Structures are given as structure tokens and as C-alpha cells.
Amino acid sequence: MKKTVVAIATLCVVGLSSTVAAKNAADTTPAQDLETYRSYFTKKFPGVPLQEFSNGVYAIDQISRDSWEAIEEFPPYEPFIEEGEELWNTPFANGKGYSDCFKDGPAQRKNYPHWNAERKMVITLPLTINECREANGEKPLKWKKGKLASLLAYMGYESRGQKTNVVIPEGDAGALTAYNEGKSQYFSRRGQLNFACASCHMQSSGMHVRTDILSPGLGHTTGWPVYRSKWGNLGTLHRRFGGCNQQVRAKPFKAQSKEYRNLEYFLTHMSNGIEFNGPSARK
Amino acid sequence: MAKSSIKLRAKVKNGVTTVKALMSHPMETGQRKNKKTGEKIPEHFIQEVVGTYNGKVVITTSWSGGVSKDPYLSFSFKGGANGETVTVSWSDNKGGSDTKDVKIKGKK
Amino acid sequence: MIDVKRRVFLKGSAAAGAVVAAAGAGLIAPQAVLAEWNEAAFRSKSVADAVKAVTGTDASVESADIKIKAPEIAENGAVVPVSVSSSIAGVTAISILAASNPSPMVASFALGETTVADVSTRIKMGKTGDVIAVVQAGDKVYTAKKEVKVTIGGCGG
């Protein structure tokens, strides 16, 4: 463990030569942020087409891409898509089903996350799935893995090719506040290692933590849910948020907490224009 | 997990059928410890995978727990035609087993 | 599940050495050995013993006609994609070993007459070491190896 600290601390010093983070989250508009964020990565990795950023580290490292492509020959998330489809088609005890909540079918990724002005909160797809269940007298599913992840895999698969398009509605102060809170979350240092999300995945993206190459933050939200070999199963975006926070030795927030929903809102907005390609496989 | 523990594809191209199989299985080596209890997790892995084409064995695979969780197997054989059947069956060290058929797709 | 034909089929690849070793250890009845999982090979702690248990000989030659496809650096040692193919004529069996693993023998494939000498799987590697491919054709044994680096990751993803 001691080695890790040294390695990461070294990286930290080197990585902070450039600082893009706005000091005050409210200083710039979402549209300006999107432009700044996207161009930061397209300039840093000039050979990588915008859509390729949906593939995480595999967009920038050929050696790991080779392994990934071999795994994509028969990706480990496939059985979960099938399970998700079965779940989607299995009626609730009251005879209704998910298609009664999602009237236009399972291809829903393009609609989430979004701001709900009435409820004054960011609504995510997992949240909507569990609210659908509860409205129909079913117990909510666990947020991080299991059946919910499988449902998301099916819905994600059906949504492949849809483009990320998170809108921060103009003139809605609540939406902007949620967005800015997510943005602050992304750029705020936390944990014993004192890292922000951006420390690793913006300033230090493309650099090594031991042998791992830090993936670019652009496109980070497109491929979910993800089968991580490290997990040996499928997990959700908020599971990974929690894992990242733990790795910098910070106390993670709860999945679907306001903090992570707002972070998802900001971060997904940063990937506007990039296609959803989940579910996907990572190391 | 889905109904069958095996996902299977078989495609014929230029006279060669390529079969790809993904099995859902923990593939425990017996070396791993349960993080909570500290006890070793007993070995539990697929020992044998048999691939047949039209009822004839084309490959018999023996594995140790050194094959990854949710194991993958790909093999190919000469012959095969659209609509013919390829079967993949596995059996593990605890007596578990599963089998799955798939129709070959593609043109010779 | 158990296919009777398989017993006949396996005969060519099962090793005399394995028969003696496994039967000698009292693990299984000799007549069943040919159709059984090769305990001696898979439990062996050394590459040489494992290869001998599978092939029945310790006489092997390195061959440039074996192609091993494996990553230079394993993204994750728990899932290392490996493919082995060979242009050698009359291949009856292919085995894959991870030299640095506690039990190096990972997979052994007995091929039928029409089966192409080209197999893929994903293996676990505890640390950096050679991936060894052993190819049997007739009574000859050929080998090749490729080093795969395995290191502990930082975060991943």
C-alpha cells in the first residue's frame, strides 16, 4: 500500500502542471464547460476521434486495446443483456411491466439523466426503474449490481448509437445549481490522497498509475453498465463513482445520492455528442 | 443469470466453421480466500468442455481453475453448413454440467 | 452429457505417463484414465512434469510454426486472452500453460481430424511469466512461448 501512495503522489505533482478547473463552479456556463472539457481532451489526444472516447482507455492505448478487442470477441456482458431482456419481459405481480413505465420501449439512454423541474431533482435511469417497480408494488432493486445492472445492460444495448444529449434547461435555477454542484464535486479534492475526479481523469489522463493508464474523462458516462474483470460482474456508474472515491481514500457517497446524481448530470453533459455504447467491458 | 449458462455462436465462412462459447461459471481455483471469513473458497471449475458437430466430437477441452471466470472458448473445424447443429457441453469438478445447441449461420 | 465417442477420441492425446502417474497415485482406476480429466498434468507444479503428463514424453522441440496471441502486458491478470494456432500438419492436441502459475497447466485441447489447429480462451496469470503452447502432432511434440507481463494495477477502468 505504501508503494501506491508514493506512485500516486508522484503522479499528482507531475499531473498538476495544467489546471483547467474553474475555481468557482458558477463562473462559466454549461455550454462553455462542454467546449472547454471536450477540446481539452481532443487537443491532448489529437489522433483520437471524438466518438472513440466512448471506449475509455482503449481509445488511447493500443496494448490494452488488443486485450479488450479479444474480450469483445465474446464480451462477458452478453449474458447480462439476455437476463435484462427476460426481466424486462417478466410482468410484475400486478400484471404490469416496465413497458408500462417506459412507453416507448427499452431504448431510454438518450433521455437520462435529466432535470425534473417539478421534483427539483436530477432523475437517472436506475432511479426511474426502481420508482417504476415501487409504483407497481415491487421492491426496489439494489443500485450497484445484480438485476438492476442487467436491466440497464438490456436497455443500454437497445440504446446503442443514441447520442448523449443532456440539457441543462435555461432559466431554471435549480437545474443549474444541480449541474454546478456536480461540477464542484468533479473538481473538488477529497480523501486522504487529496484527489479530485479531474486530477486523475483530466489533468493526468493518459499517464500511469503503476501500470494502469488513466482513462480520459471525456466519454466516461457512455459505456455503462460495465463488466469489470476486477469485479467479475456487471456494475453501474454509481458503483464506479463509489470505487473511485474509495481509491482516493474518501468516504464514498451512496449510489443514487443527490451528490452522485448531480455528478452524473454534469459528467454526462460533458460527453454530449458522444454515442452511448453500453454495456461494455473494462479491465 | 440467463436460463442457459452457455452463450454460443457458430459461423461458417470459406468452408470453416468457427464456434465461440461463453460460459457462466465461477472458475474457483481453490486458492482464493473469502475476504470476510478468511477461509479458502473450495475449488469449483469446469474440467471439461466438449464440442460436437452433427453429433460428432470435434474438440475435447480440459481445463484447470486457471481459466478465467466466465470462461471463453473458441475453436473451428472444416465443414459445416447453414442450419446444421453445433453443441457445446461442459462439466465441472462438482458434478455440475450444462449443454447448449446452436445452428450454424452463414454460407459455405 | 458424457459422450461415449469421446473416450475413443481422447485416446490419441492422453499420455501413457499420465496413466501411470495418476493410476499409481491411486487416484483413479486405470481403465477410466483415458476419459478422465488429466489430474497429474493439472496438479503438477512444474512445467516439465505437466507437459510430460499430457504428452507422455519430455522430448519436445521449439517450433516457429506455432503462433501465440497474447498481450505483452496483461490488462488484468485475471483475464488474459490467449489464442494458439499452428500450421504444423496433423495436430491432435494443443495445451496452454502459464509458467509462473502455481499449477502451470491451464488448458488442453484434444482436436478431431477436421478440427483446425486454432483455439482461444482466457486464462488467469498470477504474475509475469511465459505463456507456453504445446502442440502434439503424431508422436512429435512442439512448443513455443511468449512472455506476458502481469503487474498490479492502480485503479483500472
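The values are calculated or read from the model by the stated rules, or taken from the named source; none is laboratory data. Since this is a predicted model, take the numbers as computed values, not measurements. Virtual Cβ from ideal backbone geometry, glycine too; neighbours counted across all protein chains shown. Ligands, DNA and RNA are excluded from the accessible area calculation, which covers all protein heavy atoms including side chains. Shrake-Rupley method; radii C 1.70, N 1.55, O 1.52, S 1.80 Å.
At-a-glance table
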{"item": "Residue match in region A:228-235 (condition: under 12 Å from the mean Cα position of the chain (by Cα) and of a type outside the set (D, E, K, R))", "result": "yes"}
{"item": "Leading residue by the ranking (farthest from the other protein chains (Cβ to nearest Cβ)) among those in region A:193-205 that are within 18 Å of residue A:36 (Cβ to Cβ) and open to solvent by 20 Å² or more (accessible area, probe 1.4 Å)", "result": "A:197"}
{"item": "All positions within region C:78-105 that are in a loop (DSSP other than H, G, I, E, B), more than 9 Å from chain A (Cβ to nearest Cβ) and open to solvent by 10 Å² or more (accessible area, probe 1.4 Å)", "result": "C:87, C:88, C:89, C:90, C:99, C:100, C:101, C:102, C:103"}
{"item": "Residue B:91 vs. criteria within 8 Å of chain C (Cβ to nearest Cβ), within 25 Å of residue C:45 (Cα to Cα) and in contact (Cβ under 8 Å) with a residue 40 or more places away in the chain", "result": "yes"}
{"item": "Any hit, region B:27-41, residues being within 17 Å of the chain's Cα centre (by Cα), over 26 Å from residue C:131 (Cβ atoms) and of a type outside the set (D, E, K, R)", "result": "no"}
{"item": "In region A:207-229, residue nearest to the other protein chains (Cβ to nearest Cβ) [restricted to those that are within 22 Å of residue A:272 (Cβ to Cβ) and open to solvent by 10 Å² or more (accessible area, probe 1.4 Å)]", "result": "A:220"}
{"item": "Residue match in region B:26-39 (condition: open to solvent by less than 40 Å² (accessible area, probe 1.4 Å) and in contact (Cβ under 8 Å) with a residue 40 or more places away in the chain)", "result": "yes"}
{"item": "Spans of helices (runs of 4 or more DSSP H) in region A:55-110 with at least 3 residues within 14 Å of chain C (Cβ to nearest Cβ) and under 20 Å from residue A:226 (Cα atoms)", "result": "A:62-72"}
{"item": "Single residue of A:239, A:190 found to be among the basic types (Lys, Arg), open to solvent by 10 Å² or more (accessible area, probe 1.4 Å), within 14 Å of another protein chain (Cβ to nearest Cβ) and in contact (Cβ under 8 Å) with a residue 12 or more places away in the chain", "result": "A:239"}
{"item": "The one condition in (1) within 14 Å of chain C (Cβ to nearest Cβ); (2) over 27 Å from residue A:169 (Cβ atoms) that residue A:137 fails to fulfil", "result": "(1)"}
{"item": "Count of residues meeting criterion [open to solvent by 10 Å² or more (accessible area, probe 1.4 Å) and in a loop (DSSP other than H, G, I, E, B)] in region B:74-96", "result": "9"}
{"item": "Residues satisfying the stated conditions in region C:59-77, i.e. under 15 Å from the mean Cα position of the chain (by Cα), more than 13 Å from chain A (Cβ to nearest Cβ) and of a type in the set (Val, Ile, Thr)", "result": "C:66"}
{"item": "Every pair of residues 6+ apart whose Cβ atoms lie under 9 Å, when the first sits in region B:69-81 and is within 7 Å of chain C (Cβ to nearest Cβ) and closer than 17 Å to residue B:46 by Cα while the second is in a loop (DSSP other than H, G, I, E, B) and of a type in the set (Asp, Glu)", "result": "B:72/A:73; B:74/A:73"}
{"item": "Residue satisfying all of: in region A:30-39; in contact with a Gly (Cβ under 9 Å, 6 or more places away or on another chain) and of a type outside the set (A, V, I, L, M); least open to solvent (accessible area, probe 1.4 Å) among these", "result": "A:37"}
